[in-house]
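A quick write-up on the structure given underneath.
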Ligand code: BUP
């Protein structure tokens, strides 16, 4: 066969939640040369675009580790326009991540030019949804196919692409608070939709970013989803059917994304090695979550009360660079005394995938950030959902429906009300002991593995993308 030499550029947006799937995609597209075994005899060049400045040290570290363990992958820095903290129509302090997303969004038209000057010029681009409005048209004009990677669930993506029409119908008399029927999602209670999605784009930065970019999706060659047919059957098939929106490009569900590198490496958490199988609950609310101090204390009491062993990653500030709180002051000495035999608290970044793959882990209390959900799904780890914001209630619905986990709706969004230790203890016990849940979560894990076996749904979809690149 003829040797072809595609040059793939991979362009993430800001924040760990958006960076992670791109690093995984990059390594899926360009495995180390020694392991390469592709049918179309390609010598592939891959460039990771690094958005500068990064917002968190976690991103900085992930990028550095990735590049040092993938020496065959190139990188190119792209400087974004300055962030604009005043670009808000309401007086509330903006989430620093949203302000950063906005800067990335406003800089996207410059990125098209940056990409076109890479040498050799990319022959295909994989980019974040937040970049779509600035790059899809210029890239199309240059004849460079661009695929958009969605870093959330197929279900939330469905909601994003229908939100403009939802906003116009939500004032109608026949729509009720029990929920509008959305194709692929069913009736969805208004409470599950993050309020920003129902705001007018002129009044809300995040809505404007999503709305503007979704309008450019028809210019992309395809949409990549980190999900799989079994996990979100209705949303995936509705998106693919074209019934939701005729202008959507082809949809490629290729999840769960495969880990970057081996998971065998040490995690510095040797404590886990000495715990019985499936006895420990892993607790983490993601990279950008700061739980209020009184709720952290109540969660501590709940864990103590549950009697279950735990590994808890605590974040006390939104941006990790500012994390200075002393845990002893926060949780009290008694907590540490009472739980020292059966629990571990960490403030540092841990390798969550390695932890979730550990035989001692029996459950995961999670905010339902989509990467975390897919990591749990991949390994069939039962999940207790406690969403914080954004897509996470919709993600929690997916988790519940697919049988991966349980969700106590009455807890609301984290911070909506103080959830008491008694309630927390009961739910943790339920997740860790329910045989029914263990079975259904294990089934999700098996189906996730199948999706990537020969003839598996995700494997086949990924093959189609590779074929497109090889053409
Ligand atoms: Br915290 C933490 N170690 O200590 P999500 C996170 N992670 O490996 P988020 C670690 O970061 P958004 C840690 O495994 C996942 O891949 C975790 O992404 C990893 O949530 C990623 O789960 C976190 O999508 O982002 O960061 O809140 O709000 O955008 O969903």
Residue ID - surrounded by the most Cβ atoms within 10 Å (Cβ to Cβ), chosen from residues in region 122-150 that are out of contact with any strand residue (DSSP E or B) (no Cβ under 7 Å at 6 or more places or on another chain) and part of a loop (DSSP other than H, G, I, E, B): 142
Could you grab me the full set of residues in region 376-389 that are near the ligand (Cβ under 10 Å from one of its atoms) and either within 13 Å of residue 259 (Cα to Cα) or without any contact (Cβ under 8 Å) to a residue 24 or more places away in the chain (or both)? 376
Give the residue that is farthest from the ligand (Cβ to nearest atom), with candidates limited to residues of region 343-375 that are without any contact (Cβ under 8 Å) to a residue 60 or more places away in the chain and either within 16 Å of residue 285 (Cβ to Cβ) or assigned to a loop (DSSP other than H, G, I, E, B) (or both). 345
Would you be able to say whether some residue in region 187-196 is surrounded by 20 or more Cβ atoms within 10 Å (Cβ to Cβ) and touching a strand residue (DSSP E or B) at 6+ places or on another chain (Cβ under 6 Å)? yes
With (1) within 13 Å of the ligand (Cβ to nearest atom); (2) modelled with pLDDT of 95 or more as the list, and residue 422 as the residue in question, which single condition is left unmet? (1)
Can you say whether residue 49 is over 22 Å from the mean Cα position of the chain (by Cα), surrounded by 19 or more Cβ atoms within 10 Å (Cβ to Cβ), more than 15 Å from the ligand (Cβ to nearest atom) and modelled with pLDDT of 95 or more, as far as the supplied structure shows? no
The number of residues in region 367-402 that are out of contact with any strand residue (DSSP E or B) (no Cβ under 7 Å at 6 or more places or on another chain) and surrounded by fewer than 19 Cβ atoms within 10 Å (Cβ to Cβ) is 2
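In this structure, does residue 398 turn out to be in contact with a helix residue (DSSP H, G or I) (Cβ under 7 Å, 6 or more places away or on another chain), assigned to a helix (DSSP H, G or I) and modelled with pLDDT of 95 or more? Give the derivation first.
Values: in contact with a helix residue (DSSP H, G or I) (Cβ under 7 Å, 6 or more places away or on another chain): yes; assigned to a helix (DSSP H, G or I): yes; modelled with pLDDT of 95 or more: yes.
Yes, satisfied.
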Tally, over region 376-393, of residues that are touching a helix residue (DSSP H, G or I) at 6+ places or on another chain (Cβ under 7 Å) and either at pLDDT below 95 or part of a loop (DSSP other than H, G, I, E, B) (or both): 6
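The values are calculated or read from the model by the stated rules, or taken from the named source; none is laboratory data. It should be emphasised that the depicted structure is a prediction, and the values quoted were computed from it without experimental measurement. For neighbour counting, all protein chains shown are included, and Cβ atoms are generated from backbone atoms with ideal geometry for every residue, glycine included.
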